[in-house]
Structure formats: C-alpha cells, structure tokens
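For reference, the structure discussed in these notes is given below.
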Amino acid sequence: MFHVNRSMPLPQVAENNTPRSQDVVGESVLYDEDMIRVYLANPQTEERSALRLMLVDLNMEVVGEAADWATTLTQAPVSRIDMLLIDWDLLPRTASQTALDELRRACPAALVIILISHLDARQQAALSAGADAFISKDESPERVAERLRAVAASVQT
C-alpha cells in the first residue's frame with residue numbers, strides 16, 4: 001500500500017461510487033492530497049500492472065486506468081489528474097495529433113507522458129503531437145522510475 005499523510009475521502013468513490021483497482025471492498029479509501037494523481041492508459045494488462053506498482057512505489061496515486069482510447073477520453077477528464085501516462089500504441093494511428101489535442105482540451109492542467117517502444121521518429125512525433133515528455137519502454141525499470149520522478153517534480157513545483 002502507500003503512506004497516507006493527510007487523509008480525505010476519495011472524491012470519485014464518494015461522489016460516483018466508482019471503485020478503483022486498489023479499493024478494498026467495504027473499506028473507505030483514503031489518499032494523501034499532496035500525492036500526484038496519475039491516470040494510466042495502456043492496452044497491455046501486464047504493463048499496466050507493472051507501471052501501477054512502480055507509481056505506487058513512487059508515492060503517486062493511480063486514480064484510473066484504461067486499455068483503450070475511448071475509455072481514456074471519457075474517464076481521465078473526470079479524474080482530476082496531474083499526470084497522464086499513455087502508451088503510444090493506444091493513440092489512434094491516423095490521428096494522434098488530433099487525439100492528443102482533444103485530450104489536452106479535456107485535461108488542460110495534466111502533464112502528458114507518452115510511453116514509446118522505440119527511440120526513433122516516434123519520439124519527435126510524440127513531442128510534436130503535444131506530449132510533455134516521453135519514456136522509452138525499453139529502458140530499465142530504474143530509469144523509468146527516475147524519469148517519472150523527474151516529471152513528478154515538475155508537477156509539485
């Protein structure tokens with residue numbers, strides 16, 4: 001689990017009665033209001049699980065997850081997120097710029113981090129398509145965690 005400094009009821013659970021992956025049935029979920037709130041969008045269940053564990057270890061709160069773009073666009077804006085971690089493969093192939101523009105309008109305060117499989121022209125495409133940063137999925141878990149910490153530091157300042 002994660003350390004809770006200042007606790008308060010989780011808004012989307014209290015308001016929408018929506019359970020999250022780390023909720024305990026019948027328990028009141030609490031979170032630290034200073035934790036960075038992250039929405040995780042990745043089509044691969046195993047990758048989402050590994051990233052979720054890494055984010056929790058980094059004392060970040062995963063407030064939602066999606067395996068497809070439509071769910072991401074529906075749920076991320078209502079999750080009051082600080083950071084959106086998106087797998088490049090989740091973006092619509094023919095309209096990645098339009099998709100990220102739409103997401104930016106829906107979540108204007110959130111930093112958008114794109115997970116990319118290969119460091120090539122995709123890196124430039126992700127950054128020019130409106131991403132704040134990219135992280136290669138080929139990097140070591142330690143390096144991914146280091147990159148996430150750096151992005152988190154920019155949220156907290």
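Quick look at the values:
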{"quantity": "Asn59 versus Ala95: modelled label distance in nm, points set 7 Å from Cα along the beta carbon direction", "calculated": "4.1"}
{"quantity": "Net charge over other residues, Cβ less than 13 angstrom from the Cβ of Leu73 (K, R count +1; D, E count -1)", "calculated": "-1"}
{"quantity": "Size of region 63-107 as Cα extents on the principal axes (Å, biggest first)", "calculated": "28, 21, 15"}
{"quantity": "Extension gain from Val155 to Thr45, taking 0.36 nm per residue of separation minus the Cα-Cα distance", "calculated": "37.0 nm"}
{"quantity": "Tail fraction, Cα-Cα pairs, region 31-108, threshold 18 Å, whole percent", "calculated": "37"}
{"quantity": "Cβ-Cβ FRET estimate between Arg80 and Ala145, R0 fixed at 25 Å, reported to 0.05", "calculated": "0.60"}
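Bear in mind these aren't lab numbers, they're just calculated from the coordinates by the rules spelled out. What you see is a predicted model; the values in this text were computed from it and never measured. Glycine gets a Cβ as well: all are built from the backbone with ideal geometry, and neighbour counts include every protein chain shown.
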